[in-house]
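Here is the structure we will look at, set down as structure tokens.
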Amino acid sequence: MKISRNDPCHCGSGRKYKACCKPRDEARARARALIGEEAFDQAEAEWLALARQEKEWAVDIAPAPGRVHEDPEAALSLVMVTAGEWVAHAEVISHRPAGAAERARDMVAAVNAVGRALGVLPERLAVPDHELVEPVAHGLAGRGITVEHDQPDDLYEAMSAVLANMDPTPAGGQMVIALTWRETEASPDELADFHQAAADFYTAAPWSSEVSAGPFLLDVNLEGDELQAASSMDLPTRQQWAASVMGGLGESFGLMLHSQPEDLVNVFGSDDPAALLGESIGYAITVDFDHRRVLTRAMQREIAAAGWPVAGPGAYPRLFGMGLPGRRIRAYEVRLATRALRAVTAFARGGDPLAETGMRVTPWDPEAEEESRLDWFHVPDEATPIRAEGPRADPVCSHLWDTDEQRAERMAAEQARMDRFAAWLREQGVPGEEMEADLANADAWRWFLAGVGAAGAATEFDLRLFLYDLYLRKTDPAPEVVHALPRSMRRIVRWLEEREGIRYPFAAGVLDELDRVAARGRELGEGLEETLRLLSYDIYDYLDVRAMICSSDLPGVPGGWPDLMKMEVAQLREELQRRWLLWYDELVRGGMTDYGELEEALIARQRQWENTPHPRVGGRTPAEVVATQQV
């Protein structure tokens, strides 16, 4: 018997068929018609058998682009469940849940739907937020499922692909706009503060003056609830944002924030900024203003009921996000936007943003070239060995193709190594405060070693890249920890040699140079954190001068090695860079110390490797794999 769209769903969920399994059934029917019933049934049977073997599932929910023609008030969400690498369930629902309880409810419904389809449930279920663990576990109580906080790569990539397919714009599914203020989960007081800050910003009209129009760099130190929220979401607790005031052309007014200032540099240098959507290295938050009629009816009702301030009939604030870590606009973004609006308003009115908001505002010209500090680094007259030595030194390349289990074992071994470092510090009688900073820096080094393979595989290239680029950008150290970095690294190097059988013969020169760099920065009134940040713009040029970076050219492939790579290509490129460093050390130890001669020999080896069949990519050559991506 044919089921009506308003009948209870046949899956037993209790919801109407149109709001439950109807979209999935229609998709299956289209697939059947496309590939044939027999082929479809065979493929589905094979997939079900493989998915049933998976003991670990993951679930997520995110706002989705698009509207429902029959219901202009509907705001779409995508719910997805993966069983290992398999997408077990993907459903678009016609609402956006607000609050952990509502998100957990929709996740639990999706997991139960997969359970009914597969006839089994997982042993473990990963959810993307800490706050979802308890309500999801409660919803699945008695089912024998352990709920944990995690977001596996398979789920993240599958969600990203589906959202991109739903969005035909250059944003590719990365842009989200709050369609109700309720969905942000910000409190009424926080939303009132946001609207007041937006109204003050609009009234101050910073776009009307070249001085107050920016762009700016905003330095943010999070405290209290903001600090706790950032920590729970694995976000940096100290941030520098680039802020761009919109309105100079008299068309669109507002404030855009970029988590990575380089993204704003690219926007200013592009003839078509819209084409950059989806290619940013960070994420962005935008507050703009429009007429009341542009807002959803739900937002209009919320504002009217709460009585939030608005600067004028064309000054109703909206909040957008691009590439946000949580895929949705949260209370965290509302609070951050509020502080940024207030800081820029204070600057425009001639006040002190730091004193008024705790956010420093610095005028910035993203088109101006940073003064090169390449001469702050020492370039030896001749190339020198760059590899670790000692009985436990281990040049690693194969780690790039590790399974999840192998990767976990490797990281566990490095964690155990760092535990031994803590014991060694206690043996040395290191004071408590020094030890705390040293362990924080050791943990940052341990994190970095995940990409190198192991402590015994590190090279001078790796140590310099860690100190001058990734340390600040990726590990978010506290100021007192940054200050201790030279001392901490010396202790780590000494301990590795004394107790772990790993010697870094290059480390003394690099760390002596770091001391000189810090002293030179202090003469200019800079802290070590600021000096390292500025040197990050020159470190890659320096490593290139030392011939430590492999060539991006690839004969026969237009454009060479691409900037944006699929996983397979990225693994090959990283293997090439690791091999380049090993070849470098081998040639130098063999007596080749002229940089020009050394680079020529290295490129020759690179060309041979690029055109040799590689077992990790099915016997194809790296050149063939890159050429395939370029098609």
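The values are calculated or read from the model by the stated rules, or taken from the named source; none is laboratory data. All values derive from a computational prediction rather than experimental measurement. Neighbour counts run over all protein chains shown; Cβ positions are idealised from the backbone, glycine included. The protein model used for the area step is the full one, side chains on, heavy atoms only, and it has no ligands, DNA or RNA in it. Shrake-Rupley method; radii C 1.70, N 1.55, O 1.52, S 1.80 Å.
Within region 461-470, the set of residues being open to solvent by 10 Å² or more (accessible area, probe 1.4 Å) and within 22 Å of the chain's Cα centre (by Cα) comprises Leu465, Asp469, Leu470. Look at (1) at pLDDT below 75; (2) open to solvent by less than 70 Å² (accessible area, probe 1.4 Å); (3) at negative phi and you find that Val87 fails only one, number (1).
Cβ-Cβ contacts under 7 Å between residues 6 or more apart (or on different chains), taken from a first residue in region 444-460 that is over 13 Å from Ala507 (Cβ atoms) and open to solvent by 10 Å² or more (accessible area, probe 1.4 Å) to a second residue that is of a type in the set (A, V, I, L, M) and part of a helix (DSSP H, G or I), are listed as Arg446/Met418; Phe448/Leu470; Ala450/Met411. Considering region 572-617, and only residues there that are under 30 Å from the mean Cα position of the chain (by Cα) and open to solvent by 60 Å² or more (accessible area, probe 1.4 Å), the residue that is farthest from Val452 (Cα to Cα) turns out to be Arg616. Remark: pairs (first residue in region 130-159, closer than 25 Å to Gly323 by Cβ; second residue open to solvent by 60 Å² or more (accessible area, probe 1.4 Å) and part of a loop (DSSP other than H, G, I, E, B); Cβ separation under 7 Å; 6+ apart in sequence or on different chains) = Asp154/Glu85.
This table checks each residue for (1) among the charged types (D, E, K, R); (2) over 26 Å from the mean Cα position of the chain (by Cα); (3) open to solvent by 20 Å² or more (accessible area, probe 1.4 Å).
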{"position": "Val92", "(1), (2), (3)": "no, no, yes"}
{"position": "Ala98", "(1), (2), (3)": "no, no, no"}
{"position": "Arg103", "(1), (2), (3)": "yes, no, no"}
{"position": "Val136", "(1), (2), (3)": "no, no, no"}
{"position": "Ala141", "(1), (2), (3)": "no, yes, yes"}
{"position": "Thr146", "(1), (2), (3)": "no, yes, yes"}
{"position": "His149", "(1), (2), (3)": "no, no, yes"}
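Counting only residues that are among the acidic types (Asp, Glu) and in a helix (DSSP H, G or I), which one in region 151-171 is surrounded by the fewest Cβ atoms within 10 Å (Cβ to Cβ)? It comes out as Asp153. Applying a threshold of 8 Å to beta carbon distances and a minimum spacing of six or more residues, or different chains, the list of pairs starting in region 338-352 at a residue that is closer than 12 Å to Phe216 by Cα and ending at one that is hydroxyl-bearing (Ser, Thr, Tyr) reads Ala343/Thr357; Val344/Ser212; Phe347/Ser212; Ala348/Ser209; Ala348/Ser212.
Only one residue in Arg473, Arg420 is modelled with pLDDT under 95, open to solvent by 60 Å² or more (accessible area, probe 1.4 Å) and under 24 Å from Ala519 (Cβ atoms). Which one?
Only one candidate passes the filter, namely Arg473.
Yes or no: Glu480 of a type in the set (Asp, Glu), outside any loop (DSSP other than H, G, I, E, B) and open to solvent by less than 70 Å² (accessible area, probe 1.4 Å)? The answer is no for Glu480. The residue of region 232-260 that is modelled with the lowest pLDDT, among those that are outside any strand (DSSP E or B) and over 23 Å from Phe289 (Cα atoms), is Thr237.
A single entry from Asp419, Asp438 fulfils the requirement of being in contact (Cβ under 8 Å) with a residue 12 or more places away in the chain, charged (D, E, K, R) and in a helix (DSSP H, G or I): Asp438.
Could you say whether any residue in region 506-518 is open to solvent by 20 Å² or more (accessible area, probe 1.4 Å), closer than 23 Å to Asp443 by Cα and in contact (Cβ under 8 Å) with a residue 60 or more places away in the chain?
Yes, some residue in region 506-518 is open to solvent by 20 Å² or more (accessible area, probe 1.4 Å), closer than 23 Å to Asp443 by Cα and in contact (Cβ under 8 Å) with a residue 60 or more places away in the chain.
Selection of region 519-541 for residues being open to solvent by 70 Å² or more (accessible area, probe 1.4 Å) and hydroxyl-bearing (Ser, Thr, Tyr) yields Tyr537, Tyr540.
Taking the criterion of being closer than 19 Å to Pro380 by Cβ, in contact (Cβ under 8 Å) with a residue 24 or more places away in the chain and not in a helix (DSSP H, G or I), the residues of region 577-627 that qualify are Met592, Thr593, Asp594. Filtered by the rule that a residue be surrounded by fewer than 18 Cβ atoms within 10 Å (Cβ to Cβ) and in a helix (DSSP H, G or I), region 542-567 gives Asp544, Val545, Met567.
When you scan region 189-196, do you find a residue that is of a type in the set (Asp, Glu), closer than 21 Å to Pro97 by Cβ and part of a loop (DSSP other than H, G, I, E, B), even just one?
No, because not a single residue in region 189-196 is of a type in the set (Asp, Glu), closer than 21 Å to Pro97 by Cβ and part of a loop (DSSP other than H, G, I, E, B).
Quick one: which of Ala484, Ala454 is touching a helix residue (DSSP H, G or I) at 6+ places or on another chain (Cβ under 7 Å), closer than 19 Å to Ile386 by Cβ and among the small types (Gly, Ala, Ser)? Ala454 is the lone residue from the list that is touching a helix residue (DSSP H, G or I) at 6+ places or on another chain (Cβ under 7 Å), closer than 19 Å to Ile386 by Cβ and among the small types (Gly, Ala, Ser).
So, of the residues in region 106-120 that are of a type outside the set (A, V, I, L, M, F, W, C) and within 12 Å of Val59 (Cα to Cα), which turns out to be least open to solvent (accessible area, probe 1.4 Å)?
Asp106
Once region 569-612 is narrowed to residues that are out of contact with any helix residue (DSSP H, G or I) (no Cβ under 7 Å at 6 or more places or on another chain) and of a type in the set (Lys, Arg), the residue that is nearest to Gln629 (Cα to Cα) is Arg573. Inside region 455-477, can you point out the residues that are more than 19 Å from Tyr584 (Cα to Cα) and in a loop (DSSP other than H, G, I, E, B)? Asp476, Pro477 - these are the residues of region 455-477 that are more than 19 Å from Tyr584 (Cα to Cα) and in a loop (DSSP other than H, G, I, E, B).
Scanning region 82-110 for residues that are assigned to a helix (DSSP H, G or I) and either in contact with a helix residue (DSSP H, G or I) (Cβ under 8 Å, 6 or more places away or on another chain) or within 20 Å of Ser160 (Cβ to Cβ) (or both) turns up Ala100, Ala101, Arg103, Ala104, Arg105, Asp106, Met107, Val108, Ala110. Filtering region 172-201 to residues that are open to solvent by 60 Å² or more (accessible area, probe 1.4 Å) and at pLDDT 90 or above leaves Arg182, Pro188, Asp189, Asp193, Gln196.
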